[in-house]
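Structure record follows, encoded as structure tokens.
Any read-out appearing in this document is the output of simple, stated calculations on the displayed coordinates, not a laboratory observation. Being a predicted model, the structure only gives us computed values, none of them experimental. Using ideal geometry, Cβ is built from the backbone for each residue, glycine included, and neighbour counts are taken over all protein chains shown.
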Amino acid sequence: MASLSTWSPIVLVVAFLILVAVAYFFRSRGEARYKEGTAQTQVFLAGEEAPEPEKRHIRAQNMYWGFFQALKQYYQTTMNAHTGIINDYIIWFTSVVAIAAVIVFIAGMV
Amino acid sequence: MDSLVTHSSILAIAIPLLAAFLTPLASKVGDRARNTVVIGALALAEFLVIILARDIYLNGLHVYTLGAAATDLTIPEHYMVPVRIILEVDAMSVFMGLITTTISLAGAIYSISFLKQETGGDRFYTLLLLLAVGMLGLEFTGDMFNFFVFLEILSISGAALAAFRTRFGDATEGGFKYIVISAVGALVVLFAVGILYAQYNVLSMAALAQAIQYTALDKIALALLVVALAMKLASVPLHMWAPDTYSVAPAGTTPMIYVASQACLYGMFRVLFSLYGVSLDTLAIGWIVIVLGVLSMFVGVTMAVHQSDIKRLMAYHAISQSGYMLLGIGVGLAVLADPQALASYGREAISGGIFHIINNALYKGLLFLTAEALFFSLGTRDLNKMGGMFRNMRYTAIFFIVGALAISGVPPFNGFTSKLMIYESVYNFSPVLAVIAMLVSIVTLASFTKAFQSAFTGPALPQHDNIREVPKPMLIGMGILAIAIVFFSLFPSLVVNTIVTPATDALIDQAGYIGAVMGGA
């Protein structure tokens, strides 16, 4: 296979391990000690109180808002097609069978 | 040992079938005895498929005739065509058999802890074994009517498993939808088989492939078979049942129901390449498969990224990933009649699609299990109610990362390798299709970033203080798949050369498939 002749995961893993070792080296040069209960362990350096854990966790429903807003029309159309009604599933099936049969017949005539 | 190899194809089906009916009896002795019977039967089936695979890779296609004086006596004396039930197992069939037995074994081990919370364990395992039997039978059969029979076994057991947790309303609904679409699909398959039988008076796939004339009736049968199997594999726009069913199926069985869909994908390939082969208009049919693939990839992933229910998110990704397989195989099919294009990139496209089947079965199976582990511990599938679970479920989180990186096609994971093969080969056919495939991969990564961020990262939430890691059997089930993913990621060439390339060659070699049964007839 052409694509596999140029691809070696082992080389990538070795490169990754070297990078991890370098990162670990620089990390180990840092300050190891800190004082608990002081400003060093607070979320905001400015001293502002951090909200409750429930309030500061970003939930799934809040992610990619811009993406969904940009594709609002697409999502409205697609969601409307997903009715959850089994009769509709069978209508889709019948329609696709008909389209496939027509394509097969037309292709046979060309 | 030779005798075991000779009978391995039928034993791989018969042993889980026998165990399915022994399970209720073993349950009377105790849960441990029942679990031993189930795990033992599936492990034995896996062993048989492995030795069968080894034999096929060394000696070629394996044919087994039931009820004949000799197992390779496909056509009885004084007959012109095969009349007995025949199993015809080539490198493609056994490739699917390896996936089926591995996922079934991992699913059964994973389910041990889950069943402690449920009643009806004997029925659960009977159904689980019957699902494995349905898949293996469908993959190994060389007969169109038995293809339908095993499709029915697979569908009924799959629907019953999806609806197993009847105390949940959505489980009953998911099971109901699965059985309705399966019944319609199987009925249409039976109708198509009837059309072929009425014309050629045979049911053996090899005999049919030799006789097929590609008449108007054959074209109708082709459209019925391809679309019915496309619905079973949840290709867009016939996919809508899949999120409803996958999201409610109990632990361990979701990957199996998903692999059952992949078995139907195999069925579609068998119909297209081995039954009809070059007699059909490969360019037109290839484009139908490509369009189904592109729609599945794009609609699947865009719907997935919008989900808040982790199992529905996984289900839409399963649909999206099936699109890659359809795309690769569709491109190979489109150029099947053009030897130059087939050698240049068509064969690699088919190999990429086939390699993606096994990769996807592994990482999608693992991801379904991690989603079920979260549901097991938290009691919810809603990502909006999760957070900070890396602290409580470290192993599950690591397994999730492995699966998520693999499905997103991040190097060096196995998903990247099969996608690379698809991108490169499809680019030669149509650069636009390759760009769409890459775009879908990026959105997949975005979707799993969202799922991981929502479930595992963030501050420790007080309501999850008492949440602990899932029991060991569940971790072992996930671990088996994670180890397989790492192995496939590190040694892709070994995997491709050993099991994928022979499967590709077997799929393309229609003459070999016919000749193994028909000989010089």
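Here are some notes:
- Span from the the stretch B:227-241 Cα centroid across to the the stretch B:15-65 one, whole angstrom: 30
- Alpha carbon centroid spacing (whole Å) that separates the stretch A:68-110 from the stretch B:472-493: 37
- The helix-only estimate of mean residue ellipticity at 222 nm for chain B, built from DSSP H runs of length n ≥ 4 each weighted as -39500 (n - 2.57), is -24500 deg cm²/dmol after division by the residue total.
- For the listed residue pairs A:K72/B:K232; B:K232/B:K472; B:K232/B:K311; A:K55/B:K450; B:K219/B:K364, the alpha carbons are over 24 angstrom apart in A:K72/B:K232; B:K232/B:K472; B:K219/B:K364.
- Highest-first packing order for the peptide set B:440-447, B:55-62, B:316-323 is B:316-323, B:440-447, B:55-62, based on the mean count of other beta carbon atoms within 10 Å.
- Shape category assigned to the protein assembly as shown from the gyration tensor of Cα positions, a/c cut at 1.5: prolate
- Over chain A: helical MRE at 222 nm, DSSP H runs n ≥ 4 each giving -39500 (n - 2.57), nearest 500: -19000 deg cm²/dmol
- For the peptide A:6-13, the mean number of other protein chain Cβ atoms found within 10 angstrom of a residue's Cβ is 5.
- Per residue of peptide B:488-495, the mean number of Cβ atoms on other chains within 10 Å of the residue Cβ is 3.
- Remark: B:F448, A:F68, B:F298 ranked as A:F68, B:F298, B:F448, counting other beta-carbon atoms within 10 Å and listing the fewest first.
- Cα long-axis angle, helix B:91-115 against chain B (0 to 90 degrees, to the nearest 10): 30
- Ranked by how many other Cβ atoms sit within 10 Å of their own Cβ, fewest first, the residues B:V402, A:V20 fall in the order A:V20, B:V402.
- Counting neighbouring Cβ atoms within 10 Å and putting the fewest first, the residues B:M474, B:M268 line up as B:M268, B:M474.
- Take every pair of alpha-carbon atoms less than 8 Å apart whose residues are at least six positions apart; their mean separation over the length of the stretch B:281-490 yields a relative contact order of 26 percent.
- Among B:120-126, B:221-227, sorting by the average number of other beta carbon atoms lying within 10 angstrom of each residue, highest first, gives B:221-227, B:120-126.
- Degrees between helix B:310-334 axis and first principal axis of chain B (Cα, 0 to 90, nearest 10): 30
- On Cα atoms only, tilt of B:414-429 relative to the major axis of chain B in degrees: 50
- Restriction of the trypsin sites (Lys or Arg not before Pro) in the stretch A:1-89 to DSSP coil positions whose beta-carbon has at most 13 other beta-carbons within 10 angstrom yields A:R29, A:R33, A:K35.
- Global form of chain A, assessed from the alpha-carbon gyration tensor, a/c cut-off 1.5: oblate
- Inter-label distance, B:D465 to A:Y24: 3.5 nm, where each label sits 7 Å from its Cα along the C-beta direction.
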